[in-house]
Amino acid sequence: MADSRDSDSRAADTEARMSDDERFQLLRSELAIPWPGLPPPPAHWKISSGRVPGIPRLDIPDLAETDASLGIINPFGLREGDVATALPAGQALAATFNANLAHDSGVMLGAEARAKGFNVLLGGGLNLARDFYCGRNFEYLGEDPLLAGVLAGESVRGTQSQGVIATVKHYSLNVQETLRDTLDARIEDSAHRESDLLAFQIAIERGQPGAVMGAYNRINGEHASSNAHLLTTVLKQDWGYPGWVMSDRGAVHSVESFNCGLDQQSGAALDRQVWFDGPLREEVAAGRVSRARLSDAVRRILRSVYAAGADRPLKESAIDYAAHAQMAREIAAQGMVLLKNDGVLPLADAGAGPVLVVGGQAHLGVLAGYGSSMVTPVCGVAASIPVGAPSGFGVSSRQVYFASSPLEALRNALPYRQFSYDSGYFPQTTAARAAHASLVIVFATQWQGESMDADSLTLPQGQDALIAAITQANPNTLVVLQTGNPVRMPWLKQVRAVLQAWYPGQEGGAAIADVLSGRVNPSGRLPITFPLAESQAPRARAPGLGAPDGKSLTVNYFEGSDVGYRWYAKHGLRPLFAFGHGLSYTHFKHLGLKLAIEGSTLVARFEVENIGERLGADVPQLYLVEAAGQPVRRLVGFERVELQPGERRAVQMTIDARLLARWEGEGWSQHAGRYRCALGRSALRIGRRVGIVLPQRTLPPSRP
Ligand code: BGC
């Protein structure tokens, strides 16, 4: 933040020279997309999620916003012919446990945004995956606050290095899609601070995003956009956040939001009223909103523009799509999680007989998640099925397959094997064909998206029965999953391998073939627990599922900060696959874990060795397993370490003091006593425990 004072004083200086009309102009974004019932946006605006017209006399640029969680969006394909690099799901990025890759993907997104004429990127989704059914989990970064916070922060840092403002969203607890506008998420403040808020706090400290986007839902009774506790007390006061808070589209319900801490009304025409113009002017005139607060909101926007360099003139330019495709392939390949392998993989080491590929439209491409994050990919769209309901996007929702065919890629990777394809439409016929193959690869899919939650852990459309029929006919079967969430695997014992590929993006086909063939050694680790059954999870089903829009609903997040693997550890539950699980084609050893206090910081040191025959990457995970004498389970450190066969490397992890503490009253308290950590291969497979005695310590709410 070397130039932060500079940005602040520049912002104060510019704001002082503004007229009130100019000030109010910055406090709302306009829809930059034709919308039924609304006047069309100005013809010279590029169609996108939103725009804040600039003020040329003060060199304030237009703020040209684009959705961009997984790539630069072309909303409803309205910018004819405009494609962009479609990255894999956020879950895949999370599964890499690779902070450097997150940074580089942020750089890529920023560069592509700028080259297309955008300087505000509405990405950075990091709502914790509290529930296995949330329709947008695929966009987010898993269930752990450290993992999600670090990766989101790095991605933001990368994006802003390109002169593009980044956001983090949706602040906070937009953790299910069902009734997201009306849902009231209830949680204790301490539990919230230790979980979802901690993820935001870490991301904000690391990435210093120019803006934070509020959620749709209520939190403890107040809508996110008018939640003074979250926006003002926590974000701006406790954390000292200097940027601005924008709403989600259509999420502002009154002018009072401004005094609660919301700085900008997004897509203002979508709300019941354009609150942050006429009504806000009246509030200021009547003295109910202070002029200081008005200046504060404007300065926050301006300082973010200056801090990110978003006032550098935008000039559309060519994009190196070939280099960006490599990035998409790298994330997809690193993010794939090998869940099971009895030795059948990699295929390059296996037999040469005919292979039957079944289902998932694998002859065409790979599945994409649906909603405001869906990219029009460089590779083209192989199939786009207008499914209509059940999504809240109604008739516009489409099940899209990116044209990156795993079947083609497998043929290229293993040219000496004969591949054929069967849709799996008639399971008994498919099973009969499977009997004649030497190997069967089933592509199973679960489509997820914005506005719709999964109804269970079961793969939809009878795919379990298909897999069961195939394994009966041919036990030499493996399954590739493209799902937006965990699924049950009743056929797990009958298959030889399972690869979780998430929604793997525009290079997904090639990346799947990379991992199956052995060109890439898998190193992904699960960023979300795969339950054995719905009944293990805090909520077995999305509250309000199937209820009409507008119905009010309260969800009590009684698990508090025991999200995901912490819930399973606390209740002694064994999931199907634990958080952090993922296999490799080589083997690693963890040696010599030692804990030390340096200054007031806890530091862990150990070594990792590749004891197998192949180059590969391990992801040692450091878990806190005991805090002040109490059993706990918290990820306190992780790193992706790539090693040659026989290579050994020293690793050092510095532990964030908040992960050792609890939020009590007004700050973080680390209680005196014994603390023990262990290296894990997952949240369940924990190694030798190493202890240290820590003193009583109180930490402020802000960064320790
Ligand atoms: C989504 C946001 C998105 C916005 C603008 C909303 O529906 O929740 O994530 O940025 O639309 O497209």
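The values are calculated or read from the model by the stated rules, or taken from the named source; none is laboratory data. Keep in mind the model is a prediction, meaning the values are calculated, not measured. Quick reminder, even Gly has a Cβ in these numbers, built from the backbone with ideal geometry, and neighbours come from all protein chains shown. These area figures cover heavy atoms from the full protein model, side chains too; ligands, DNA and RNA do not enter into them. Shrake-Rupley method; radii C 1.70, N 1.55, O 1.52, S 1.80 Å.
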request  = Would you mind listing how long segment 324-525 runs along its three principal axes, going by Cα atoms, in whole Å with the largest first?
outcome  = 45, 38, 28
ask   = What angle do you read, to the nearest 10 degrees and between 0 and 90, between the alpha-carbon axis of helix 463-473 and the longest principal axis of the chain?
value = 20 degrees
note = Placing one equal point scatterer on each C-alpha of segment 7-308 and summing with Debye, one gets log10 I(q)/I(0) at q = 0.14, 0.16 Å⁻¹ equal to -1.02, -1.38
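Determine the calculated [θ] at 222 nm for the chain from helices alone, applying -39500 (n - 2.57) to every DSSP H run no shorter than 4 residues and normalising by the residue count; nearest 500 deg cm²/dmol.
-7000 deg cm²/dmol
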note = Beyond 29 Å (Cα-Cα) in this structure, taken from K116/K169; K493/K594; K493/K589; K116/K236; K169/K315, we find K493/K594; K116/K236
ask   = Volume per residue, Å³, of the convex hull around the alpha-carbon atoms of segment 399-513?
value = 102 Å³
Antiparallel DSSP beta bridges within the chain, as percent of all bridges there, nearest 5 = 60 percent
key: Solvent-accessible heavy-atom area per residue, rounded to whole Å², over segment 7-308 at 1.4 Å   = 28 Å²
query = Which parts of segment 583-602 would a label at E642 reach, counting a residue when its backbone N lies under 20 Å from a point 7 Å out along Cα-to-Cβ?
reply = 583-589
ask   = Can you give the three extents of the C-alpha atoms in segment 586-699 along their principal axes, from longest to shortest, in whole Å?
value = 52, 28, 21
ask   = Given R₀ = 35 Å, FRET efficiency for E80-A292 by Cβ-Cβ distance, to 0.05?
value = 0.15
note = With bins of 10 Å, the percent of all Cα-Cα pairs of segment 63-164 per bin from 0 is 17, 48, 29, 6
query = So which lysines can K570 reach, going by Cα to Cα under 18 Å and dropping same-chain residues fewer than 8 places off?
reply = none
query = Accessible surface of E205 in the full protein assembly, 1.4 angstrom probe, to the nearest 10 Å²?
reply = 40 Å²
note = So the FRET efficiency between H436 and E534, C-beta based with R0 = 56 Å and rounded to 0.05, is 0.90
Using alpha-carbon coordinates, inclination of helix 508-517 to the longest axis of the chain, degrees = 40 degrees
ask   = For the chain, how big is Rg over Rh, using alpha carbon atoms and the Kirkwood form of Rh?
value = 0.97
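Send over a whole-number figure in Å² for the accessible area per residue of segment 359-472, probe 1.4 Å.
For segment 359-472, the solvent-accessible area averages 40 Å² per residue.
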query = Regarding segment 471-545, what whole-number volume in Å³ per residue does the convex hull of its Cα atoms give?
reply = 138 Å³
ask   = Which of the aspartates and glutamates could be linked to K551 by a straight reach, that is with a Cα gap under 15 Å, when you skip same-chain ones fewer than 8 residues away?
value = E177, D181, D184
Most to least accessible of K236, K594, K589, K340 (protein chains only, probe 1.4 Å) = K594, K589, K340, K236
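Please calculate how many Å² of accessible area segment 586-699 carries per residue, with a 1.4 Å probe and no DNA, RNA or ligand atoms counted.
Values: 5130 Å² over 114 residues.
With all protein chains present, segment 586-699 gives 45 Å² per residue.
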